[in-house]
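Written below as structure tokens is the structure these notes are about.
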Amino acid sequence: MAGTTNDSDVLVTTDWVEQHLTDKDLRLVEVDVDTGSYQQGHIPGAAGWNWKSQLQDALTRNVATAGQIEKLLGESGIHNATTVVLYGDNNNWFAAWAYWLLKYYGHDKLRILDGGRKKWVAEERELSTRQTAPAPEVYTVGKIRTDLRAFRDEVEQTIGNIHAFGLVDVRSPDEFTGKIIAPPGLNELSQRGGHIPGARNIPWVNTVNEDGTFKTAEELRTIYEDQGITPEKSIIAYCRIGERSAHSWFVLKELLNYQSVRNYDGSWTEWGNLINAPIER
């Protein structure tokens with residue numbers, strides 16, 4: 001598959017997608033922050049997933065279950081051998097979340113459209129408002145990749161151990177310092193502002209270009225290594241609800257090939273509300 005300046009097999013270009021829209025064993029899926037964007041126009045043939053209702057369990061505040069993922073993929077015309085190409089708005093925030101979640105549930109045939117919805121629209125490529133109804137497939141979740149997900153007890157182990165661990169806070173500097181708890185207009189609030197002790201603030205937005213594409217591998221490597229986030233460490237990324245950190249997880253794990261990278265999807269909405277959990281400002 002075509003890569004980008006990262007020379008990566010997990011990224012595809014807008015040209016490549018346009019040339020492979022009708023491939024039998026390929027399925028495009030759009031996942032947006034703004035869940036109404038898909039209905040306004042999407043890449044022809046793409047499915048649309050709602051991150052709020054389909055990729056998480058709102059009652060338990062947890063990721064979608066294996067059964068829910070099997071149902072979603074099957075209904076989307078995806079079987080275990082299907083290559084899924086994900087894209088979305090906001091420089092692929094939730095496309096990266098969906099990528100991480102599917103990887104967690106053992107699906108390896110995954111790609112991200114470099115530049116996402118932003119680049120596709122900017123290049124005035126075709127958009128469709130037609131909702132496709134693919135033939136349903138049977139999907140079975142295999143081995144769950146627990147090594148890709150971090151929980152709060154594992155995050156606690158990183159505190160004071162910067163030689164073995166690298167903790168990456170991918171939020172904005174104002175969130176990191178505690179000046180604000182969440183960006184304006186967002187309601188996933190915590191009781192306290194600040195960051196987990198020892199975390200390095202490397203905002204996710206630093207990893208993308210103006211057109212939404214990822215920066216080169218050389219540029220990305222410099223961004224992280226200059227902050228002490230190096231390949232030999234066990235890396236954990238977090239943000240507020242796990243979607244921006246999934247984007248940084250993708251950069252570290254899939255583009256830079258760091259061996260041990262986990263996404264702490266509990267992130268600040270969990271840590272900032274814990275009793276007696278240490279924070280820094």
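Figures for the structure shown
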item: Among Ala98, Tyr87, Leu110 - extreme Cα towards positive end, dipole of the stretch 70-113, charges at beta-carbon; result: Leu110
item: Virtual paramagnetic centre 7 Å along Cα→Cβ of Ala277, amide N under 16 Å, in the stretch 158-173; result: 158-160, 167-171
item: Cα-centre dipole for the stretch 7-46 with unit charges at Cβ (Lys and Arg positive, Asp and Glu negative), debye to 20; result: 200
item: Whole-number accessible area per residue in Å² for the stretch 157-280, which is evaluated in the context of all protein chains at 1.4 Å; result: 41
item: Sequence of Leu127, Leu28 when ordered by accessible area, the most exposed leading, probe 1.4 angstrom; result: Leu127, Leu28
item: Built amide H within the under 5 Å cut-off of Val261, gap 5+; result: Ile235
item: Residue-averaged 222 nm ellipticity for the chain, from DSSP H runs of 4+ at -39500 (n - 2.57), nearest 500; result: -7000 deg cm²/dmol
item: Test item: Cα-centred dipole of the stretch 195-281, Lys/Arg +1 and Asp/Glu -1 on Cβ, debye; result: 260
item: The chain - convex hull of alpha carbons, volume per residue in Å³; result: 125
item: Accessible surface, 1.4 Å probe, highest first, among residues Ser234, Ser245; result: Ser234, Ser245
item: Antiparallel bridges, percent of DSSP beta bridges restricted to the chain (to nearest 5); result: 15
item: Amide proton proximity set for Val168, modelled H, under 5 Å, gap of 5+; result: Arg200, Ile236, Ala237, Tyr238
item: Acute angle (nearest 10 degrees) that the helix 66-75 long axis makes with the longest principal axis of the chain, alpha-carbon atoms; result: 30
item: Long-range HN-HN contacts of Val33 with modeled amide H, under 5 Å; result: Asp89, Phe94
item: Protection proxy ranking, peptides 257-265, 48-56, 158-166, 141-149, average beta carbon neighbours within 10 Å, highest first; result: 257-265, 48-56, 158-166, 141-149
item: Accessible surface of the stretch 215-281 [probe 1.4 Å, protein heavy atoms]: carbon and sulfur percent; result: 42
item: Listed residue (Ala164, Phe176, Val138) projecting farthest to the positive dipole end of the stretch 120-205, Cβ model; result: Ala164
item: Label-zone membership for the stretch 69-110, site Gln157, 7 angstrom Cα→C-beta point, backbone N under 19 Å; result: none
item: Per-peptide average of other Cβ atoms within 10 Å, ordering 96-107, 204-215 highest first; result: 96-107, 204-215
item: Extreme residue, positive dipole direction of the chain, given options Gly228, Phe250, Ile279 (C-beta unit charges); result: Ile279
item: Stokes-Einstein D for the stretch 216-260, Kirkwood Rh over Cα pairs, 4 °C, 1.567 mPa s (µm²/s); result: 121
item: Estimated vicinal HN-Hα couplings, Hz - the stretch 171-178 in sequence order (Karplus 6.51, -1.76, 1.60; Gly, Pro = x); result: 6, 5, x, 5, 6, 4, 7, x
item: The stretch 134-247 shape via C-alpha gyration tensor axes, a/c threshold 1.5; result: rounded
item: Partners for Lys119 among aspartates and glutamates (Cα-Cα distance below 18 Å; same-chain residues under 8 apart left out); result: Asp15, Glu18, Glu30, Asp32, Asp34, Asp89, Glu210, Asp211
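The values are calculated or read from the model by the stated rules, or taken from the named source; none is laboratory data. Computed from a predicted structure; not experimentally measured. Using ideal geometry, Cβ is built from the backbone for each residue, glycine included, and neighbour counts are taken over all protein chains shown. Keep in mind that these areas ignore ligands, DNA and RNA; they rest on the heavy atoms of the full protein, side chains included. Shrake-Rupley method; radii C 1.70, N 1.55, O 1.52, S 1.80 Å.
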